[in-house]
1. Given (1) within 23 Å of the chain's Cα centre (by Cα); (2) in a loop (DSSP other than H, G, I, E, B); (3) among the aliphatic types (A, V, I, L, M), identify the lone condition not met by residue A:288.
2. Would you please list the contacts, defined by Cβ atoms under 6 Å and residues six or more apart or on different chains, that run from a residue in the range A:200-219 that is within 7 Å of another protein chain (Cβ to nearest Cβ) to a residue that is of a type in the set (S, T, N, Q)?
3. What pairs can you find where one residue is in the range A:120-149 and assigned to a helix (DSSP H, G or I), the other is modelled with pLDDT under 95, and their Cβ atoms are less than 6 Å apart, with a gap of 6+ or different chains?
4. For the range B:48-73, which positions are in a loop (DSSP other than H, G, I, E, B) and either surrounded by 19 or more Cβ atoms within 10 Å (Cβ to Cβ) or not small (Gly, Ala, Ser) (or both)?
5. Looking at residue A:62 and the list (1) at pLDDT below 95; (2) within 15 Å of residue A:287 (Cα to Cα), which single condition is not satisfied?
6. Taking the residues in the range A:125-142 that are within 17 Å of residue A:254 (Cβ to Cβ) and of a type in the set (S, T, N, Q) as candidates, determine which candidate is nearest to the other protein chains (Cβ to nearest Cβ).
7. I'm checking my understanding of the structure. Among residues of the range A:152-191 that are among the hydrophobic types (A, V, I, L, M, F, W, C) and free of Cβ contacts under 8 Å to residues at least 24 places away in the same chain, which one is farthest from the other protein chains (Cβ to nearest Cβ)?
8. Let me confirm something: among B:199, B:122, B:186, B:161, which residue is among the β-branched types (Val, Ile, Thr) and either within 29 Å of residue B:9 (Cα to Cα) or touching an Asp or Glu at 6+ places or on another chain (Cβ under 8 Å) (or both)?
Protein chains: 2
Amino acid sequence: MSGRTTYADWIAVDWGTSNLRAWAMRDNQAIAEATSDKGMGSLTKPEFEPALLALINPWLGTAKTPVFACGMVGARQGWVEAPYGTVPCKPHGQPFAKPQTADPRINVHVIPGLKQTDTPDVMRGEETQIAGLLAAMPNFDGVACLPGTHTKWVHISAGEVVSFRTFMTGELFGLIAKTSVLRHSVGAGWHDEAFATAVTDTLSRPEAMAANLFAIRADQLLNATDPGRAKARLSGLLIGAELAAARPYWLGQNIVLIGDPTLSEHYATALQTQGAPSHIADAKETTLAGLSAARALTQEPAE
Amino acid sequence: MSGRTTYADWIAVDWGTSNLRAWAMRDNQAIAEATSDKGMGSLTKPEFEPALLALINPWLGTAKTPVFACGMVGARQGWVEAPYGTVPCKPHGQPFAKPQTADPRINVHVIPGLKQTDTPDVMRGEETQIAGLLAAMPNFDGVACLPGTHTKWVHISAGEVVSFRTFMTGELFGLIAKTSVLRHSVGAGWHDEAFATAVTDTLSRPEAMAANLFAIRADQLLNATDPGRAKARLSGLLIGAELAAARPYWLGQNIVLIGDPTLSEHYATALQTQGAPSHIADAKETTLAGLSAARALTQEPAE
């Protein structure tokens, strides 16, 4: 170990609406991590710096430590607005935003998201995962699917994001499973066959969604369907509809899935029912690779 | 006025999950009405009779007054289970259920709902509106659409319910408008053209629903869309998807809409974009006509 007084070379931050995740980085390896529920959605502007310091303080020495943050932290309601880049463009083609900080030990860079004007769409955070994907595979030409609350399908070519489309599938699943009349029918467990059948049902007749949803409830009332089977069917109906609409994205393309491992497996299974192979990338590693790429761009010397 | 000691000949009750509505009836005309929030969903079995008496007590004399109730009051979790009739069947073809009551002044009849086994589906309450429609038009051959939280499309022929299909459209609208990320974008107001365009968009590409939903948010972020326009677009997307799936029900049919007047107007407008005319029936009058028809079936003498 050198004479460094800081624990971390730099700090990587993924700051979404609901959560804040930070990693102490050395040689682009995470050597410590910390999380809190201080997501952007729960903070006013003066609360961002203390929320960050509460997590990363143990990693700071007296010298200035660079911090690279992606996600909703750069929204208008976030710490500092980082204006969107407009596709087609490189994932990290825009200047990073720099909030004023009171603590002299940190130098914070907030990474802008991307927008699309033609079919209006926005992303914040996913651009960094795409930068991470491109760091590992600079010549990648194909589609990244980032499943989650707001699943993104992203067409990538020649190192740029060409176009993208967001689906509210994850949020709809949560609302329907937890809040709608289906909450009485959907429960723990899973059923592979029910999932695959539902994917196929809705791919062939996507418009029947709202009726197929209520049928889950009716089926459970009349036939006492297993709650795990109902959950798998609900998930399959929603993901199947998404695949129907996203077909121009994935048909005949290289597909990389970046997201929660279980959810990514479900997407891979659904794509497989359509004869489309895909590859699952580790979401955390991809995020860290993207934040590392952002840091490399600034060419800021390690301290 | 005769020597009757009761104010009402009989009492009509529409007892749903969230609300309880009662009408004092004389000569099949409502002469008084009362409502409370004591819906089936908030009551345990012993609480049903007091909840009803709290509303109808002013209308009761010393003689026994018949009460006819439709809706979720007849569910397994309701006051008394009224087992479903199975379609195809008459809307009121099943025996009514009779809960035990402590108060000797009431004689309560609970009207069963209908179920469909082929494509599993259920209704409770709507069968009574259909009975009301058939009381007014005994030879009706066509389709009743009952828009609401769980919209029903019902094929009616030869005095029977032939088949039906339930869509969770209303519930999805409420969840998405109030709970999802679109709550930031959807607000008061309305925009006829945005509604009609959304209906057409989703009828032509129903599978794009989840993407079109997020686009409402993105459009508002990037273009500061009017909240009333966003609301109309959300409604149009959901109703358009429903119409796409319900096409076998309404195409080339007589269509009667029975529901909230504003919502029924929206359905009528959406159908009109597809060249399908429809007729709007008054929901309350139709319910009362159906409850009157139920009373006539029992042939219980007025007291």
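1. Of (1) within 23 Å of the chain's Cα centre (by Cα); (2) in a loop (DSSP other than H, G, I, E, B); (3) among the aliphatic types (A, V, I, L, M), only one is false for residue A:288: (2).
2. Here the result reads A:210/B:169; A:214/B:166; A:219/A:225, each pair linking the range A:200-219 to a residue that is of a type in the set (S, T, N, Q).
3. From residues that are assigned to a helix (DSSP H, G or I), there are no pairs.
4. B:60, B:62, B:64, B:71
5. Among (1) at pLDDT below 95; (2) within 15 Å of residue A:287 (Cα to Cα), the lone unmet condition for residue A:62 is (2).
6. Step by step, filter the range A:125-142, then rank; the result is A:129.
7. The extreme case among them is A:158.
8. The conditions single out B:161.
The values are calculated or read from the model by the stated rules, or taken from the named source; none is laboratory data. The structure presented is a predicted model; accordingly, all values stated were derived computationally and were not measured. Because the Cβ atoms are built from the backbone with ideal geometry, glycine has one as well, and the counts that use them run over all protein chains shown.
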